[in-house]
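Undergrad: Dumping the structure here so I can ask a few things about it.
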Amino acid sequence: MKFNDAVFGIFLIVFALAEIAYTRTFPSLHGQRFGASDFPVLIGIGLIICGCILVYNGLRQRAVAQGEANLLSVRGWTEKRHSVINFFVVLLSVLAFIFLVDTLGFVIISFVILLVLFLRLDNGLVPSLLASLLMTGVSKLLFGVLLLVPLPVGPLGF
């Protein structure tokens, strides 16, 4: 599935405007010219600029193709069975994480999902096992230990 750049640009602009509107509700620091919302607003302004560039490029690309360039094209990957299956495997992986993370725990479900995805994307068994183990460990360390995010523990206690 390929979206025209103008579609992504419009999405980016709308997202940035919503982000700016939300961050303007952050409290200001007493006696300071700068507050918690200043940096996110600058990021939002940058996203709006990038969105405008994408819209311009998308419309220019469509004009060059004389209206033949669709805003959404699903040809290409939908014609390949392997790609369609990969799409649904990724979608089912996200759903499995949402519904099973509390039951199985973060470490188990993350490892299994990463292993399935690596194998599905034609990696070897040993590199898939190592990469899944490494990425699960790094994620657990970064989020669970360093950032103190309460990750679901699961039946094995980790």
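The values are calculated or read from the model by the stated rules, or taken from the named source; none is laboratory data. Only a predicted model underlies this, so the values are computations on that prediction, with no experimental measurement involved. Every residue, glycine as well, gets a Cβ built from its backbone with ideal geometry; the counts of neighbours run over all protein chains shown.
Undergrad: When you go through (1) farther than 25 Å from Leu12 by Cα; (2) part of a helix (DSSP H, G or I) one by one for Gly154, which number turns out not to apply?
TA: Condition (2) is where Gly154 drops out.
Undergrad: From the residues in region 58-91 that are assigned to a helix (DSSP H, G or I) and among the basic types (Lys, Arg), which one is modelled with the lowest pLDDT? Show your work before the answer.
TA: First, pick out the residues of region 58-91 that are assigned to a helix (DSSP H, G or I): 58-64, 77-79, 81-91.
From what is left, the residues that are among the basic types (Lys, Arg) are 60, 62, 81.
Details: Arg60: 88, Arg62: 78, Arg81: 87.
That would be Arg62.
Undergrad: Moving on. Taking Gly154 and the conditions (1) at pLDDT 85 or above; (2) in contact with an Asp or Glu (Cβ under 9 Å, 6 or more places away or on another chain); (3) within 30 Å of Asp5 (Cα to Cα), which numbered condition does it fall short on, given that it satisfies the others?
TA: Of the numbered conditions (1) at pLDDT 85 or above; (2) in contact with an Asp or Glu (Cβ under 9 Å, 6 or more places away or on another chain); (3) within 30 Å of Asp5 (Cα to Cα), the odd one out for Gly154 is (3).
Undergrad: Filter region 113-151 down to residues that are surrounded by 13 or more Cβ atoms within 10 Å (Cβ to Cβ) and among the β-branched types (Val, Ile, Thr) and give me whichever is farthest from His82 (Cα to Cα).
TA: Top of the filtered list is Thr136.
Undergrad: Residues being over 22 Å from the mean Cα position of the chain (by Cα) and either more than 12 Å from Ile109 (Cα to Cα) or charged (D, E, K, R) (or both): count how many of those fall in region 127-155. Quick ask: steps written out before the conclusion?
TA: Here is the first cut: in region 127-155, the ones over 22 Å from the mean Cα position of the chain (by Cα) are 127, 129-130, 145, 153-155.
When the remaining residues are screened for being either more than 12 Å from Ile109 (Cα to Cα) or charged (D, E, K, R) (or both), the result is 127, 129-130, 145.
Residues meeting the conditions: 4.
Undergrad: Filter region 92-112 down to the residues that are crowded, with 17+ Cβ neighbours inside 10 Å and part of a helix (DSSP H, G or I) and list them by number. Full working, then the answer.
TA: Looking only at region 92-112, we keep the residues that are crowded, with 17+ Cβ neighbours inside 10 Å, and these are 93, 101, 104-112.
Across region 92-112, the qualifying residues are Ser93, Val101, Leu104, Phe106, Val107, Ile108, Ile109, Ser110, Phe111, Val112.
Undergrad: Now, a different point. Residue check: is Gly51 among the small types (Gly, Ala, Ser), over 30 Å from Glu79 (Cβ atoms), out of contact with any Lys or Arg (no Cβ under 7 Å at 6 or more places or on another chain) and in contact (Cβ under 8 Å) with a residue 12 or more places away in the chain? So that I can check it myself, show each step before the final result.
TA: Details: among the small types (Gly, Ala, Ser): yes; over 30 Å from Glu79 (Cβ atoms): yes; out of contact with any Lys or Arg (no Cβ under 7 Å at 6 or more places or on another chain): yes; in contact (Cβ under 8 Å) with a residue 12 or more places away in the chain: yes.
For Gly51, the condition - among the small types (Gly, Ala, Ser), over 30 Å from Glu79 (Cβ atoms), out of contact with any Lys or Arg (no Cβ under 7 Å at 6 or more places or on another chain) and in contact (Cβ under 8 Å) with a residue 12 or more places away in the chain - is met.
Table: residues versus (1) in contact with a strand residue (DSSP E or B) (Cβ under 6 Å, 6 or more places away or on another chain); (2) of a type in the set (Gly, Ala, Ser); (3) surrounded by 12 or more Cβ atoms within 10 Å (Cβ to Cβ).
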position	(1), (2), (3)
Val7	no, no, yes
Leu12	no, no, yes
Ala16	no, yes, yes
Thr23	no, no, yes
Pro27	no, no, no
His30	no, no, no
Phe39	no, no, no
Leu47	no, no, yes
Cys50	no, no, yes
